[in-house]
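So the structure is just underneath, and the comments pick up after that.
Every number here is computed from the coordinates shown, using simple stated rules; none is lab data. Bear in mind that the values here come from a model prediction, so they are computed numbers and not experimental data. Backbone-built Cβ (ideal geometry, glycine too); neighbour counts: all protein chains shown.
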Amino acid sequence: MTEQTQSQQVPSRVECPATRDPAVRLFIFAGILIVGGLWCFVDGYVRNLPKKVETINEIATYYLNHVGGIVFPLAGLIPLIWGLVFLRRKLVADEEGIGYVGKETIPWSAVSGLDTSKLADKGTLRLRHGSAGQERTLVLDSWKLQNFRQLVMLVEQRVRPSETP
């Protein structure tokens, strides 16, 4: 077997951990909010700036430092926790179905369609599943998932061509 034929073999099970890029963006945003909030806290509560509050700029500075010193660090916890949760996600596709670990597994028989229109340019694959009245979509994104090529090969093998739009 050559390397090319080995890479073309369809795996029976694919585990796709989360990529780090989206989480890093969330961590950067969280860091900006937390550091900015600490800066405001130091100015508002430690250094007690501004001393007089007469003009609109002094009023805005006073409220930014006193309110922002509390609100910004608390708001920074949201993307921080969201990024940590995102890093722990793992998608598993095997003989039975596809789904995230700890969530509902979608059996291959429930998949009603496969949208590959944005696969080449965006790296996005959409699986439609569920009944006609409650059809849902599972979006598989190459930016958010590792081992994406093996996942696409497995999905294309499992979803019957007649179901592909």
Check: In percent, how large is the relative contact order of segment 1-154, given Cα pairs closer than 8 Å and 6 or more residues apart?
Finding: 30 percent
Notebook entry, point to check: How would you classify segment 21-88 from its alpha-carbon gyration tensor, with a ≥ b ≥ c the square roots of the eigenvalues: rounded for a/c under 1.5, else prolate if a/b is greater than b/c, otherwise oblate?
Noted result: prolate
Margin query: Full-extension gain between Arg47 and Val24, please, as 0.36 nm times their residue separation minus the C-alpha to C-alpha distance.
Written below: 5.0 nm
Notebook entry, point to check: Fewest first, what order do Val155, Val139 take by the number of other Cβ atoms within 10 Å?
Noted result: Val139, Val155
Notebook entry, point to check: Going by how many other Cβ atoms sit within 10 Å of their own, how do Asp141, Asp43, Asp121 line up, fewest first?
Noted result: Asp121, Asp141, Asp43
Item checked: Over the chain: Kirkwood hydrodynamic radius from C-alpha pairwise inverse distances, Å -> 19.3 Å
Item checked: Set of aspartates and glutamates with alpha-carbon distance to Lys118 below 19 Å, sequence-local pairs under 8 removed -> Asp141, Glu156, Glu163
Margin query: Over segment 90-163, what portion of Cα pair distances is larger than 16 Å, expressed as a whole percent?
Written below: 46 percent
Check: If one computes the Cα centroid of segment 92-165 and of segment 9-63, what distance in Å separates the two points?
Finding: 35 Å
Notebook entry, point to check: Would you list Glu156, Glu54 from fewest to most Cβ contacts within 10 Å?
Noted result: Glu54, Glu156
Next item on the list: List the lysines whose Cα lies under 16 Å from the Cα of Lys90, skipping any in the same chain that are fewer than 8 positions away.
Entry: Lys103, Lys144
Item checked: Amide H contacts of Ile106 (H built 1.01 Å from N, under 5 Å, at least 5 apart or other chain) -> Ile98, Gly99
